[in-house]
Amino acid sequence: MGNVIMKLRVMPEDVEVDLEALKEKIEAAKPEEVDIRDTGIKPIAFGLKALLIAAVMPDKEGLTDKFVESIKGIEGVANVEIESEELL
């Protein structure tokens, strides 16, 4: 069993959401096996910015879904999109 690198785009509910605080909440809510390697902020439109996350995790059934669902459950998150997912 190998590892998977997953790149996510997390969209906040509105421009008022503090993305730095959101990063901390995601770090606290993630499953133990997930290692967040990189984060970034990407301007979208009209002041709205997306939080970009790159995470590495074991290629274990259901773990990617569990990670995405843990993020969706955080207050201030409107949507989570998987941009890419590949085996390492």
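The values are calculated or read from the model by the stated rules, or taken from the named source; none is laboratory data. All values reported here derive from a predicted model rather than from experimental measurement. Methodologically, a virtual Cβ is constructed for each residue, glycine included, from the backbone with ideal geometry; neighbour enumeration extends over all protein chains shown.
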_Output for the range 37-55, where each listed residue is without any contact (Cβ under 8 Å) to a residue 24 or more places away in the chain and touching a helix residue (DSSP H, G or I) at 6+ places or on another chain (Cβ under 6 Å)_ = T39, I41
*May I ask you to say which residue of K49, K42 is over 10 Å from the mean Cα position of the chain (by Cα), of a type in the set (K, R) and loosely packed, with under 12 Cβ neighbours inside 10 Å?*
K42
*Only residues in the range 1-16 that are among the small types (G, A, S) count as the first member; pair them with residues that are surrounded by 18 or more Cβ atoms within 10 Å (Cβ to Cβ) and at pLDDT below 95, Cβ under 8 angstrom, at least 6 apart or cross-chain, and list the lot.*
none
*Considering the range 52-71 alone, what residues qualify as being surrounded by 13 or more Cβ atoms within 10 Å (Cβ to Cβ), under 14 Å from L8 (Cβ atoms) and of a type outside the set (A, V, I, L, M)?*
T64, K66, F67, E69, S70
